[in-house]
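Trainee: I'd like to ask you about the structure that follows.
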Amino acid sequence: MSGKRMDWQFDEPFEICPICGNPDIEFAFNSHNSMIGFSGFSIYGCRICGAYFCNPQPTKESLEIFYIKEMEEIAEEHILEQSIERYSNLERRRKYRSQYFIPFQRHCSGGRVLDCGCGTGVFVKVLQDAGYSAFGIDISEKAIEMGTSELGVANLQHASIDDFKSDKPFDAIVALTIIEHLKEPIRFLYKANSLLEPDGIIFSHLPTCDSLQFKKLRDYWYWIMAPYHLFHFSIRSMEILLNQTGFEIMQSYPFYPSWYWAEAIANSQGLLAKYNMWRKDPDFVKYTIKIDEILDEISLEWGGTSSIQLVAQKRSGLEVPLGD
Ligand SMILES: [Zn+2]
């Protein structure tokens, strides 16, 4: 696959945990090829905060080449079309609203919202439909283009959070499956803090290595997805990161369903190629959906879904540096 062809360049490895600063880190495993991820990236874990992270990390330049060239050529169009479907298909829109908008609305009932890494702007559109003054930014020009032209979403901008400027603060920042992709999650959270009103919130959705699937499958956990995912946060490590950047966690929601158990198990048994063949049979797909459902329910009862939604509020009276 494409990521394999890349001539990856790496930064100097971390000697201490990039989240909690503790030197008690150790090599955990190497990543494998999966439906989305690539093999050969080394993953470390921190014994103190429970975070896992790619170590060493690919350089900023390598990642830019990977995202812009490789992804746009091979997968992006397909991914973006699927993304648009989450709004254009009414049944999927209903599901999307209940999974993302309903929990968000409990913490922010209106006002100015910025979705960072908005993709095609589906969440921005859902917010605008509900009367919010919603904006979205994304580093994918194509995603912004498609959202604007195909979904008619207003206020989308091709920008990175680092470059983004606003005259007026926001009531909420949204970060759906973004933080785990970033080389410097701390820098992102400092910037998010600086863009918020004094009592503003950040609403994030992220995979968590506190999940049952990670405990059971480890290196074959679906969300390892190297090098897309550079960090795998435990809730404890997110708490440390958020406190450090001037936030306090208000609420954590288990995200259900967390998906892909059958696929991850097949991969862990060296059966991914066969699994892809088997999936051509609709009866087999039916069978895997049921397995995923049952294991997701068990994860929920056990207290460890594969991803969570975290709501954190900006702490008042705290001057936050911009992380430079
Ligand atoms: Zn740590």
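The values are calculated or read from the model by the stated rules, or taken from the named source; none is laboratory data. Quick caveat, the model's predicted, so the values are computed rather than measured. No Cβ is skipped: glycine too gets one built from the backbone with ideal geometry, and neighbour counts run over all protein chains shown. Remember, those area values only see protein heavy atoms, side chains included, never the ligands or the DNA or RNA. Shrake-Rupley method; radii C 1.70, N 1.55, O 1.52, S 1.80 Å.
Trainee: For residue 215 and residue 69, compute 0.36 nm times the residue count separating them, minus their Cα-Cα distance, and round to one decimal in nm. Walk me through the intermediate numbers first.
Mentor: Working: separation 146, 0.36 × 146 = 52.56 nm, distance 3.42 nm.
Here the answer is 49.1 nm.
Trainee: For a Förster distance of 30 Å, can you work out the FRET efficiency between the beta-carbons of residue 98 and residue 159, rounded to the nearest 0.05? Present the calculation step by step, with values, prior to reporting the outcome.
Mentor: On the way: r = 30 Å, r/R0 = 0.99.
The computed FRET efficiency comes out at 0.50.
Trainee: Return, in residue-number order, each cysteine of the chain whose C-beta is not under 4.7 Å from any other cysteine's C-beta.
Mentor: Result for the chain is 54, 108, 116, 118, 209, no neighbouring Cys Cβ within the cutoff.
Trainee: Stick to Cα atoms and the Kirkwood definition of Rh, then tell me Rg/Rh for region 105-168. Let's see the in-between values first.
Mentor: Values: Rg = 11.2 Å, Rh = 11.7 Å.
Expressed as Rg/Rh, it is 0.96.
Trainee: Something else about it: Enumerate the amide H contacts of residue 250 below 5 Å, restricted to partners 5 or more residues apart or on another chain; note that Pro and chain-start residues carry no placed amide H.
Mentor: Correct list: 311, 312, 313.
Trainee: Leaving out ligands and nucleic acids, note down the accessible area per residue over region 160-262 with a 1.4 angstrom probe, in whole Å². Don't skip to the answer; put the middle values down first.
Mentor: On the way: 3690 Å² over 103 residues.
For region 160-262, the solvent-accessible area averages 36 Å² per residue.
Trainee: Can you compute log10 of I(q)/I(0) for the chain with the Debye formula, treating each Cα as one identical point scatterer, at q = 0.09, 0.10, 0.14 Å⁻¹?
Mentor: -0.46, -0.58, -1.24
Trainee: Mean-square fluctuation check for the chain, GNM, Cα pairs under 10 Å: which of 33, 276, 193 is largest?
Mentor: 276
Trainee: Just how much of residue 32 is accessible, in Å², when a 1.4 Å probe is used and the result is rounded to the nearest 10?
Mentor: Looks like 60 Å² after rounding.
Trainee: Using Cα positions and a limit of under 24 Å, work out the lysines in reach of residue 290, with same-chain residues fewer than 8 apart set aside.
Mentor: 95, 215, 216, 274, 280
Trainee: So if a site counts as exposed when it's one of the GluC sites (Glu not before Pro), its DSSP state isn't H, G, I, E or B, and it has at most 12 other Cβ atoms within 10 Å, what's the longest stretch of the chain without one?
Mentor: Numbers: sites that count: 15, 319.
In short, 16-318.
Trainee: Also: How big is the Rg/Rh ratio for region 163-220, C-alpha atoms only, Rh by Kirkwood, two decimals? Walk me through the numbers on the way to the answer.
Mentor: Values: Rg = 14.7 Å, Rh = 13.2 Å.
Over the Cα atoms of region 163-220, Rg/Rh equals 1.11.
Trainee: If each residue of separation counts as 0.36 nm, what is the full-extension length gain between residue 276 and residue 39 once their alpha-carbon separation is subtracted? Each step should come with its number before you reach the end.
Mentor: Working: separation 237, 0.36 × 237 = 85.32 nm, distance 1.81 nm.
This chain segment gains 83.5 nm when fully extended.
Trainee: Which lysines have a Cα lying under 24 Å from the Cα of residue 60, excluding residues fewer than 8 positions away in the same chain?
Mentor: Partners within reach: 4, 69, 142, 165, 183, 191.
Trainee: Continuing with the same structure: Restricting to DSSP H runs of at least four residues, report the calculated mean residue ellipticity at 222 nm for the chain, -39500 (n - 2.57) per run over all residues, nearest 500 deg cm²/dmol.
Mentor: Working: 13 runs with 116 residues, N = 324.
Per the formula, -10000 deg cm²/dmol.
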